[in-house]
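K.L.:
First, the structure itself, so that you have it in front of you.
The values are calculated or read from the model by the stated rules, or taken from the named source; none is laboratory data. Note that the structure is predicted; figures quoted are calculated from it, not measured. Here Cβ is always computed from backbone atoms with ideal geometry, including for glycine, and neighbour counts include all displayed protein chains.
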Amino acid sequence: MGSQFVDLNADGHLDYITATFDGSPHVSYGSEAGFTTPERIKDGEGRRILVSSIWSDEAEEHQDLGRSLPDGEATGERCISALAFDWDDDGDYDLLLGTYEGGHLYVQMNEGTRTDPKFTGMNIPVMAGDVAFALPAKMTTPKLVDWDGDGDMDLIAGTYSDSYSQEGDGGGVYLALNDGKVGEPKFGALKPIIAPVERSGSEPTRPDVGLYPAVVDHDGDGDLDLIVGGYSMWSPKGRELNAEESARAETLKAEIKALEEESSEVFAKISKEIEELDLESDEFDDAVDSIYDKHGDALSSNREKMSAARKELDKLIPSPKRTSFVWLYERI
Amino acid sequence: MKLFLIVLGLTAPSLGEVASQKVDTAPKFAAPKQVMAGAELLGEKRAYPSPAFHDVDGDGHLDILIADLMGRVTVAHGKGTTPMTFGEEKPLLGSDKEPLDFNNW
């Protein structure tokens with residue numbers, strides 16, 4: 001969830017713009033008393049703004065809609081980032097909408113005014129060079145910044161990469177410079193400014209996946225530094241074990257394996273019992289709950305034992321780690 | 001101040017608003033360092049911590065906000081030092097004095 005502070009409704013207070021995994025942009029309006037309860041930004045017809053896939057609170061399901069895309073075809077992409085930007089320099093804010101899955105960026109124009117916005121409901125792909133803006137490993141959030149100091153807004157954006165694997169290249173931060181003019185932005189090809197590197201190491205040294213960037217002159221030296229949130233992934237070095245400890249580690253590994261197999265068996269039983277239910281029955285949901293309740297104690301007990309065994313094993317042979325932090329990349 | 005915020009991308013100006021000043025576009029960075037909030041690591045164990053800057057308390061110093069995947073937001077107030085340092089990370093309260101919470105699913 002990226003964050004931008006702009007006076008979207010021209011009332012003199014900065015508003016908080018963002019988008020979440022529900023697939024739509026949100027705003028929390030600024031006021032004398034602080035930020036108001038967040039709400040979704042709507043288009044000129046009062047509909048949710050979206051790229052394609054959204055979570056419907058009413059239907060309690062994901063819905064994939066093509067109504068905002070140029071060819072009307074749903075793509076499954078979720079809008080998880082949003083920025084206000086006066087794309088055409090007509091005095092009101094248009095919206096930039098970023099997607100998770102494709103790492104694409106769209107602009108949705110405002111045909112209203114600053115105080116009475118009317119977003120069109122139709123998205124126009126943003127280009128980066130000669131191709132559509134698309135990041136290689138799912139986009140976290142874009143940010144607008146005058147990176148090259150030429151008076152217009154450039155784009156930087158981060159990527160996720162595979163969020164759980166302990167191997168392979170992580171995410172990066174990319175820059176697309178704006179070579180256009182006022183009212184006609186033209187973004188160049190995306191180039192890495194923090195290049196993805198293979199996740200490795202025995203301690204956290206950088207954000208490896210899910211790189212969310214922000215830009216600020218942190219050290220007051222006149223150039224722009226990066227502040228980047230994300231998950232670090234590392235494999236702590238283990239110590240040398242004596243014979244007794246080695247034997248204990250092997251025992252714990254065997255215990256954990258057996259507990260994992262027991263868990264799988266319980267889940268297989270649950271699946272089988274659910275398959276035997278009548279899907280059309282009004283009592284289906286209650287029956288599913290009842291099945292989980294029946295096996296709940298076994299699963300809970302198993303989970304506790306597994307947690308204790310893993311904790312003890314971790315002291316002997318540390319497991320790979322994955323924890324989030326925020327990092328400073330100081331420009332030199 | 002407005003130009004300062006525009007240069008940092010903290011506001012979204014029209015394209016004609018910003019003064020021209022060429023800078024290096026192929027940056028080099030020092031090895032990354034963890035950012036602190038008081039005595040704690042900023043954003044530690046948050047679900048995809050996402051930083052942004054805003055002067056929340058209007059004291060003239062940028063504060064750092066950390067949003068996360070769940071739609072929650074914290075703020076660590078800037079102390080006005082150079083380089084920047086921040087105080088303890090706390091939930092960002094809305095006008096109703098409750099923690100601001102954006103709808104996820």
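K.L.:
From the list A:Leu224, A:Leu155, A:Leu144, A:Leu177, which one is farther than 23 Å from A:Asp92 by Cα and among the aliphatic types (A, V, I, L, M)?
P.N.:
Answer to the selection: A:Leu224.
K.L.:
Can you find even one residue in the range B:72-91 that is at the interface with chain A (Cβ under 7 Å from one of its Cβ atoms), at pLDDT 95 or above and either farther than 22 Å from A:Ser232 by Cβ or in contact with an Asp or Glu (Cβ under 6 Å, 6 or more places away or on another chain) (or both)?
P.N.:
From the range B:72-91, those at the interface with chain A (Cβ under 7 Å from one of its Cβ atoms) are B:82-84; that's our starting set.
Of the ones still in play, those that are also at pLDDT 95 or above are B:82-84.
Of the ones still in play, those that are also either farther than 22 Å from A:Ser232 by Cβ or in contact with an Asp or Glu (Cβ under 6 Å, 6 or more places away or on another chain) (or both) are B:82-83.
Looking through the range B:72-91, at least one residue is at the interface with chain A (Cβ under 7 Å from one of its Cβ atoms), at pLDDT 95 or above and either farther than 22 Å from A:Ser232 by Cβ or in contact with an Asp or Glu (Cβ under 6 Å, 6 or more places away or on another chain) (or both).
K.L.:
Give the range A:222-252 a look and list any residue that's more than 9 Å from chain B (Cβ to nearest Cβ), over 18 Å from A:Asp169 (Cβ atoms) and in a loop (DSSP other than H, G, I, E, B), or say none.
P.N.:
Of everything in the range A:222-252, those that are more than 9 Å from chain B (Cβ to nearest Cβ), over 18 Å from A:Asp169 (Cβ atoms) and in a loop (DSSP other than H, G, I, E, B) turn out to be A:Pro236, A:Lys237, A:Gly238, A:Arg239, A:Glu240, A:Leu241, A:Asn242.
K.L.:
Can I ask one more? Among the residues of the range A:205-217, are any of a type in the set (Lys, Arg), touching a strand residue (DSSP E or B) at 6+ places or on another chain (Cβ under 7 Å), farther than 19 Å from A:Leu83 by Cα and surrounded by fewer than 16 Cβ atoms within 10 Å (Cβ to Cβ)?
P.N.:
From the range A:205-217, those of a type in the set (Lys, Arg) are A:206; that's our starting set.
Within this subset, residues satisfying the condition of being touching a strand residue (DSSP E or B) at 6+ places or on another chain (Cβ under 7 Å) are A:206.
Right, trim to farther than 19 Å from A:Leu83 by Cα and you get A:206.
Remaining after also requiring surrounded by fewer than 16 Cβ atoms within 10 Å (Cβ to Cβ): none.
So far as the range A:205-217 goes, no, none of its residues is of a type in the set (Lys, Arg), touching a strand residue (DSSP E or B) at 6+ places or on another chain (Cβ under 7 Å), farther than 19 Å from A:Leu83 by Cα and surrounded by fewer than 16 Cβ atoms within 10 Å (Cβ to Cβ).
K.L.:
Separate question: Which condition breaks for A:Asp22 when tested against (1) touching a residue at least 60 places away in the same chain (Cβ under 8 Å); (2) within 11 Å of chain B (Cβ to nearest Cβ)?
P.N.:
For A:Asp22, the exception is condition (1).
K.L.:
Of all residues in the range B:23-54, how many are within 9 Å of chain A (Cβ to nearest Cβ) and either assigned to a loop (DSSP other than H, G, I, E, B) or among the β-branched types (Val, Ile, Thr) (or both)?
P.N.:
18
K.L.:
Taking the conditions exactly as written (away from chain B (no Cβ under 13 Å), within 23 Å of the chain's Cα centre (by Cα), surrounded by 20 or more Cβ atoms within 10 Å (Cβ to Cβ) and β-branched (Val, Ile, Thr)), does A:Val145 satisfy them or not?
P.N.:
In short, no.
K.L.:
Now for a different question. Testing A:Glu276 on (1) touching a helix residue (DSSP H, G or I) at 6+ places or on another chain (Cβ under 7 Å); (2) within 25 Å of A:His295 (Cβ to Cβ), one condition comes back false. Which one is that?
P.N.:
Unmet for A:Glu276, out of (1) touching a helix residue (DSSP H, G or I) at 6+ places or on another chain (Cβ under 7 Å); (2) within 25 Å of A:His295 (Cβ to Cβ): (1).
K.L.:
Would you confirm, using the coordinates I've provided, whether A:Leu299 is over 29 Å from the mean Cα position of the chain (by Cα), more than 14 Å from every other protein chain (Cβ to nearest Cβ), closer than 25 Å to A:Thr251 by Cβ and touching a residue at least 60 places away in the same chain (Cβ under 8 Å)?
P.N.:
Against the criterion (over 29 Å from the mean Cα position of the chain (by Cα), more than 14 Å from every other protein chain (Cβ to nearest Cβ), closer than 25 Å to A:Thr251 by Cβ and touching a residue at least 60 places away in the same chain (Cβ under 8 Å)), A:Leu299 does not qualify.
K.L.:
I've got another one for you. Please verify whether the range A:145-155 includes one or more residues that are touching a Ser or Thr at 6+ places or on another chain (Cβ under 8 Å), free of Cβ contacts under 8 Å to residues at least 12 places away in the same chain and not charged (D, E, K, R).
P.N.:
yes
K.L.:
Assuming A:Arg47 fulfils every condition listed in (1) at the interface with chain B (Cβ under 10 Å from one of its Cβ atoms); (2) of a type outside the set (Val, Ile, Thr); (3) surrounded by fewer than 16 Cβ atoms within 10 Å (Cβ to Cβ); (4) in contact (Cβ under 8 Å) with a residue 60 or more places away in the chain apart from one, which condition is it?
P.N.:
Single failed check for A:Arg47: (1).
K.L.:
Shifting gears a bit: Being part of a loop (DSSP other than H, G, I, E, B) and surrounded by fewer than 24 Cβ atoms within 10 Å (Cβ to Cβ) is the filter here, so list the residues in the range A:162-171 that pass it.
P.N.:
Selection gives A:Asp162, A:Ser163, A:Tyr164, A:Ser165, A:Gln166, A:Glu167, A:Gly168.
K.L.:
Considering (1) in a strand (DSSP E or B); (2) surrounded by fewer than 18 Cβ atoms within 10 Å (Cβ to Cβ), say which one A:Tyr174 fails and leave the rest.
P.N.:
So the condition that A:Tyr174 fails would be (2).
K.L.:
I'd like the full set of residues that are surrounded by 12 or more Cβ atoms within 10 Å (Cβ to Cβ) and outside any helix (DSSP H, G or I), limited to the range A:253-287.
P.N.:
A:Leu277
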